[in-house]
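The structure under discussion appears below in the form of C-alpha coordinates.
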Amino acid sequence: MDKQFKKLQSLGAGDFQHLNGSLEAHLKGTESILASWGANKTLRAAGLFHAAYGTAGFDANMVSLTQRQEIINVIGIEAEALVYLYCSCDRDSVFPQFGKSDQIQFKDRFTGTKFMITAERARLFCELTVANELELVYASDDFKSKYGLELWKLFESMKTYLSSEACLAYKTALSEFA
(Lines give C-alpha, C1' and ligand atoms only; values in the text may rest on other atoms or scores of the structure.)
Protein backbone atom coordinates (compact mmCIF):
# COMPACT_ATOMS: atom_id res chain seq x y z
CA MET A 1 0.00 0.00 0.00
CA ASP A 2 2.98 2.37 0.44
CA LYS A 3 3.65 2.64 -3.31
CA GLN A 4 -0.04 3.16 -3.93
CA PHE A 5 -0.27 5.79 -1.23
CA LYS A 6 2.72 7.69 -2.66
CA LYS A 7 0.99 7.71 -6.06
CA LEU A 8 -2.17 8.97 -4.39
CA GLN A 9 -0.18 11.84 -2.87
CA SER A 10 1.47 12.62 -6.21
CA LEU A 11 -1.99 12.96 -7.73
CA GLY A 12 -2.74 15.65 -5.16
CA ALA A 13 -5.29 13.85 -2.98
CA GLY A 14 -4.15 15.81 0.06
CA ASP A 15 -4.88 19.06 -1.73
CA PHE A 16 -8.59 18.33 -2.16
CA GLN A 17 -10.93 19.40 0.58
CA HIS A 18 -13.46 16.82 1.73
CA LEU A 19 -16.29 16.92 4.24
CA ASN A 20 -14.07 16.57 7.30
CA GLY A 21 -10.68 17.67 6.05
CA SER A 22 -8.56 16.39 3.22
CA LEU A 23 -9.63 13.83 0.67
CA GLU A 24 -6.35 12.05 1.38
CA ALA A 25 -7.34 11.49 5.02
CA HIS A 26 -10.76 10.21 3.95
CA LEU A 27 -9.33 7.78 1.41
CA LYS A 28 -6.77 6.47 3.90
CA GLY A 29 -9.53 6.11 6.48
CA THR A 30 -11.73 4.16 4.07
CA GLU A 31 -8.85 1.78 3.26
CA SER A 32 -8.15 1.37 6.98
CA ILE A 33 -11.77 0.39 7.66
CA LEU A 34 -11.65 -2.19 4.88
CA ALA A 35 -8.39 -3.55 6.29
CA SER A 36 -9.96 -3.87 9.75
CA TRP A 37 -12.73 -5.97 8.18
CA GLY A 38 -10.15 -8.32 6.65
CA ALA A 39 -10.70 -7.15 3.06
CA ASN A 40 -8.28 -8.41 0.44
CA LYS A 41 -5.60 -6.23 -1.19
CA THR A 42 -7.76 -5.52 -4.24
CA LEU A 43 -10.67 -4.14 -2.24
CA ARG A 44 -8.33 -2.20 0.05
CA ALA A 45 -6.58 -0.62 -2.97
CA ALA A 46 -9.98 0.32 -4.39
CA GLY A 47 -10.82 1.90 -1.04
CA LEU A 48 -7.67 3.99 -1.21
CA PHE A 49 -8.56 5.27 -4.70
CA HIS A 50 -12.37 5.07 -4.55
CA ALA A 51 -12.96 8.73 -5.47
CA ALA A 52 -10.19 9.06 -8.06
CA TYR A 53 -12.60 9.97 -10.86
CA GLY A 54 -15.09 11.79 -8.64
CA THR A 55 -18.39 10.30 -7.46
CA ALA A 56 -22.05 11.18 -7.59
CA GLY A 57 -21.61 12.61 -4.09
CA PHE A 58 -18.17 14.21 -4.59
CA ASP A 59 -17.66 15.92 -7.95
CA ALA A 60 -13.95 16.72 -7.63
CA ASN A 61 -11.66 14.18 -9.22
CA MET A 62 -7.96 13.53 -8.72
CA VAL A 63 -7.47 12.23 -12.23
CA SER A 64 -9.26 12.29 -15.55
CA LEU A 65 -10.94 9.22 -16.97
CA THR A 66 -8.29 9.40 -19.69
CA GLN A 67 -5.76 8.38 -17.00
CA ARG A 68 -7.36 5.03 -16.16
CA GLN A 69 -4.31 3.13 -17.42
CA GLU A 70 -2.11 5.09 -15.03
CA ILE A 71 -4.30 3.99 -12.11
CA ILE A 72 -4.31 0.40 -13.42
CA ASN A 73 -0.51 0.50 -13.38
CA VAL A 74 -0.57 1.44 -9.68
CA ILE A 75 -3.38 -0.68 -8.21
CA GLY A 76 -4.07 -3.33 -10.84
CA ILE A 77 -6.86 -3.92 -13.30
CA GLU A 78 -9.33 -5.48 -10.83
CA ALA A 79 -9.00 -2.72 -8.24
CA GLU A 80 -9.21 -0.01 -10.89
CA ALA A 81 -12.33 -1.61 -12.38
CA LEU A 82 -13.92 -1.44 -8.92
CA VAL A 83 -12.82 2.20 -8.55
CA TYR A 84 -14.39 3.00 -11.92
CA LEU A 85 -17.58 1.15 -10.95
CA TYR A 86 -17.80 3.08 -7.69
CA CYS A 87 -17.07 6.47 -9.28
CA SER A 88 -19.41 5.91 -12.20
CA CYS A 89 -22.39 4.82 -10.12
CA ASP A 90 -25.60 6.72 -10.74
CA ARG A 91 -26.72 6.39 -7.13
CA ASP A 92 -30.28 7.58 -7.80
CA SER A 93 -30.72 4.69 -10.22
CA VAL A 94 -28.70 1.96 -8.46
CA PHE A 95 -29.23 2.38 -4.70
CA PRO A 96 -33.05 1.95 -4.71
CA GLN A 97 -32.66 -1.53 -6.25
CA PHE A 98 -30.88 -3.01 -3.22
CA GLY A 99 -33.21 -5.09 -1.09
CA LYS A 100 -35.82 -5.19 -3.85
CA SER A 101 -34.14 -7.25 -6.55
CA ASP A 102 -31.77 -10.19 -6.71
CA GLN A 103 -30.14 -8.63 -9.74
CA ILE A 104 -28.83 -5.09 -9.78
CA GLN A 105 -28.96 -3.08 -12.98
CA PHE A 106 -26.06 -0.69 -12.82
CA LYS A 107 -26.22 2.72 -14.50
CA ASP A 108 -22.94 4.41 -15.42
CA ARG A 109 -23.32 8.16 -14.78
CA PHE A 110 -20.45 8.96 -17.17
CA THR A 111 -21.80 7.10 -20.20
CA GLY A 112 -25.46 6.51 -19.35
CA THR A 113 -25.10 2.80 -20.13
CA LYS A 114 -26.96 0.22 -18.08
CA PHE A 115 -25.87 -3.34 -17.38
CA MET A 116 -26.40 -6.09 -14.84
CA ILE A 117 -23.64 -6.55 -12.28
CA THR A 118 -22.73 -9.91 -10.83
CA ALA A 119 -23.43 -10.72 -7.20
CA GLU A 120 -19.66 -10.62 -6.52
CA ARG A 121 -19.33 -7.14 -8.06
CA ALA A 122 -22.35 -6.01 -6.05
CA ARG A 123 -20.72 -7.41 -2.88
CA LEU A 124 -17.48 -5.50 -3.49
CA PHE A 125 -19.38 -2.34 -4.41
CA CYS A 126 -21.49 -2.55 -1.23
CA GLU A 127 -18.49 -3.20 1.04
CA LEU A 128 -16.76 -0.17 -0.45
CA THR A 129 -19.91 1.94 -0.10
CA VAL A 130 -20.35 1.08 3.57
CA ALA A 131 -16.66 1.68 4.37
CA ASN A 132 -16.74 5.05 2.60
CA GLU A 133 -19.86 6.26 4.38
CA LEU A 134 -18.83 4.92 7.79
CA GLU A 135 -15.51 6.76 7.54
CA LEU A 136 -17.58 9.96 7.29
CA VAL A 137 -19.86 8.89 10.14
CA TYR A 138 -16.87 8.19 12.38
CA ALA A 139 -15.31 11.56 11.54
CA SER A 140 -18.35 13.80 11.99
CA ASP A 141 -21.24 13.81 14.42
CA ASP A 142 -22.96 16.37 12.18
CA PHE A 143 -22.72 14.02 9.18
CA LYS A 144 -24.03 11.16 11.32
CA SER A 145 -26.97 13.23 12.57
CA LYS A 146 -27.87 14.46 9.11
CA TYR A 147 -27.47 11.21 7.14
CA GLY A 148 -27.56 8.42 9.75
CA LEU A 149 -31.14 7.29 9.16
CA GLU A 150 -30.74 7.38 5.38
CA LEU A 151 -27.50 5.37 5.66
CA TRP A 152 -29.08 2.85 8.04
CA LYS A 153 -31.85 2.20 5.50
CA LEU A 154 -29.37 1.92 2.62
CA PHE A 155 -27.09 -0.48 4.49
CA GLU A 156 -30.05 -2.57 5.61
CA SER A 157 -31.07 -2.89 1.95
CA MET A 158 -27.51 -3.95 1.05
CA LYS A 159 -26.98 -6.38 3.94
CA THR A 160 -27.26 -9.57 1.85
CA TYR A 161 -24.13 -8.38 0.01
CA LEU A 162 -22.18 -7.34 3.12
CA SER A 163 -19.62 -9.22 5.18
CA SER A 164 -20.44 -9.89 8.82
CA GLU A 165 -17.74 -7.32 9.73
CA ALA A 166 -19.39 -4.59 7.64
CA CYS A 167 -22.80 -5.42 9.10
CA LEU A 168 -21.49 -5.28 12.64
CA ALA A 169 -19.74 -1.98 11.92
CA TYR A 170 -22.79 -0.18 10.52
CA LYS A 171 -25.14 -1.64 13.14
CA THR A 172 -22.81 -0.47 15.89
CA ALA A 173 -22.16 2.99 14.40
CA LEU A 174 -25.78 3.70 13.53
CA SER A 175 -27.64 1.78 16.26
CA GLU A 176 -29.75 4.79 17.26
CA PHE A 177 -31.37 4.78 13.81
CA ALA A 178 -32.51 1.13 13.96
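The values are calculated or read from the model by the stated rules, or taken from the named source; none is laboratory data. The structure displayed is predicted, hence computed values, not measured ones. Positions of Cβ are backbone-derived with ideal geometry, glycine not excepted, and every protein chain shown enters the neighbour counts. Areas reflect the complete protein model, heavy atoms only, side chains present, ligands, DNA and RNA absent. Shrake-Rupley method; radii C 1.70, N 1.55, O 1.52, S 1.80 Å.
Couple of notes before you dig in:
- Computed extension length for Ser32-Ser157: 42.6 nm, one decimal, from 0.36 nm per residue of separation with the Cα-Cα distance subtracted.
- Summarising the label geometry, the points placed 7 Å from Cα in the beta-carbon direction at Asp92 and Gln67 lie 2.8 nm from one another.
- Over 29 Å (Cα to Cα) - which of Lys28/Lys146; Lys3/Lys100; Lys114/Lys159; Lys114/Lys153; Lys41/Lys146; Lys107/Lys159 fall in this group: Lys3/Lys100; Lys41/Lys146
- When the chymotrypsin sites (Phe, Trp or Tyr not before Pro) in the range 70-116 are filtered for DSSP coil states and for at most 16 other beta-carbon atoms within 10 Å of their beta-carbon, the remaining sites are Phe110.
- In terms of its C-alpha gyration tensor, the range 36-92 has an oblate overall shape, because the principal axis ratio a/c (a ≥ b ≥ c, square roots of the eigenvalues) is not below 1.5 and a/b does not outweigh b/c.
- Per residue solvent-accessible surface (Å²) - the chain, probe of 1.4 Å: 48 Å²
- Computed [θ] at 222 nm, helices only, for the chain once each DSSP H run of length n ≥ 4 contributes -39500 (n - 2.57): -18000 deg cm²/dmol
- Among Ala45, Thr111, Leu136 - extreme Cα towards positive end, dipole of the range 40-168, charges at beta-carbon: Thr111
- Atom-type composition of the exposed protein surface of the range 49-174 places 50 percent of the accessible area on carbon and sulfur (1.4 angstrom probe).
- Linear extension gain, Thr113 paired with Asn40, 0.36 nm per residue minus alpha-carbon span: 23.4 nm
- Computed over the chain with a Gaussian network model linking Cα atoms closer than 10 Å, the most mobile of Phe95, Phe155, Phe49 is Phe95.
- GNM flexibility winner over the chain from Lys144, Lys100, Lys28 (Cα, springs under 10 Å): Lys100
- Phe106 long-range amide H proximity, modeled H, under 5 Å: Phe115, Met116, Ile117
- Shape of the range 37-149 from the C-alpha gyration tensor: rounded (a/c under 1.5, with a ≥ b ≥ c the square roots of its eigenvalues).
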